[in-house]
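Worksheet for the structure shown next.
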Ligand SMILES: Nc1ncnc2c1ncn2[C@@H]1O[C@H](COP(=O)(O)OP(=O)(O)OP(=O)(O)O)[C@@H](O)[C@H]1O
Ligand SMILES: [Mg+2]
C-alpha cells in the first residue's frame, strides 16, 4: 500500500478530540417519542480512526449526525475539542452513503465549494483542491461532471470535498456500502492514506466487520435499538495494512469476536421471534416439500 507512515492514536494530531457523553436522542413520531440512542458514551482521540458497527436501525447514523451537528441530542453532550457542537461546521467533514455531489459542478468545483463559501481566493481554492484530488488519484478527472464518474470515483470526490475545508474530524456514514468488493478495498486504502497524511480524527460507520477491522484503531459495537455501546474493541494490528491482514490469526479472532457480538444484537433487533434455536430449525429436513408447504 502507498502509505508509509502512521499517526498512532493520540500521536501527531493535536486536535480533533470527539467526546460524546450521556448521549440520548429520541425522534418525535405520531406514536410519541421514539428513543433511537440511549445513554451513550464515546470518544475519538486526536488522530484516531474509530468505527461504529451495529445492527440495522440501532442508531449509528443518528449518533454520527449528532456529531456532525445535523441533529440535537435529547440528553447529553457532544463536543469537539471541548467545544459543544451546536450545528454543522467546517471543523467537521461529513461523507454520506448516497453520493451527494452537485451534478452541475465539475469535480474540482465540487471540491472547491466549501472553500468558496469560506471566502478563500480562487487561486488558493484551486491549489488546495488539486492537492487533495491528487492524493485521491483524481487529478485527471478534475474537469469531469459527476455523472461521468464511477461510484468509487464519486465517493472519492465526496471524501476529498469533505476534507477540503481542513476539518479536524472526518465523519463517514457507510461511504463504501454501494461499491463492489474490489473498489471498496482500494477506497479503504485511499482513505487510510488521506487520514494518515492529514493527521485528522475519523469516526466511521459501517456494517462490514472486515472493513471496520482493516481501517480502525478501535471499534465500538452498538446494541440493538435503542442503541447504546455494547462493547469497545481495540484493533492492535500493525500498519500499514494490506489484503494479507485477513489471513492473520489475530484478524480472524477479532472478526469472530465482533461477529458474535453483532449476531446477538441482530437477533434482538428482529424482535425476539428469531433465536438461535429457531434458525437451526431451518435446517430441518423437509423431505422434498417446500418451506411454503410446511409453514
Ligand atoms: N426522522 C426519524 N423519525 C423517526 N424515527 C427515525 C428517524 N430517523 C431514524 N429513525 C429511527 O431511529 C432508529 C435509528 O435510526 P438510524 O438511521 O440512526 O439507524 P442506523 O443504525 O444508522 O441504521 P442502518 O444501519 O439501517 O443505517 C431506527 O429505528 C429508525 O427507524
Ligand atoms: Mg444508518
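Where a number appears in this text, it was derived from the coordinates with a stated rule and is not lab data. The shown structure was predicted, so the numbers you read here are calculated from the model rather than taken from an experiment. Reconstructed Cβ throughout: ideal geometry from the backbone, glycine too, with neighbour counts over all protein chains shown.
Observations on the model:
- Quick note on segment 93-163: its Rg to Rh ratio, both from C-alpha atoms and Rh being the Kirkwood radius, is 0.92.
- Distance between modelled label sites at residue 127 and residue 147, nm, 7 Å Cα→Cβ extension: 3.5 nm
- Between the helical axis of 151-163 and the longest alpha-carbon principal axis of the chain there is an angle of about 60 degrees.
- Note on the chain: Kirkwood radius taken over Cα pairs, Stokes-Einstein applied at 20 °C and 1.002 mPa s, translational D equal to 105 µm² s⁻¹.
- With respect to the chain, whose longest principal axis is taken over its alpha-carbon atoms, helix 249-269 is tilted by about 70°.
- Rough spin-label spacing in nm, given labels placed 7 Å along Cα→Cβ, for residue 86 and residue 256: 5.1 nm
- Across every direction, the projection of the convex hull enclosing the Cα atoms of segment 149-273 has a mean area of 8.8 nm².
- Estimated D of segment 58-103 in µm² per second, where Rh is the Kirkwood radius over Cα pairs and Stokes-Einstein applies at 20 °C, 1.002 mPa s: 184 µm²/s
- Helix 181-198 vs. the chain, principal-axis angle (Cα, 0 to 90°, nearest 10): 50 degrees
- MRE, 222 nm, helices only [DSSP H, n ≥ 4, -39500 (n - 2.57), over the chain, to nearest 500]: -10500 deg cm²/dmol
- Overall form of segment 160-206 per C-alpha gyration tensor (a/c, 1.5; a/b vs b/c): prolate
- Using the Cβ-Cβ distance between residue 34 and residue 118 with R0 set to 35 Å, the FRET efficiency works out to roughly 0.40.
- Between residue 140 and residue 248, the simple label model (points 7 Å from Cα in the Cβ direction) yields a spacing of 3.4 nm.
- Dimensions of segment 32-130 along the principal axes, based on C-alpha atoms and rounded to the nearest Å, stand at 48, 30, 27, largest first.
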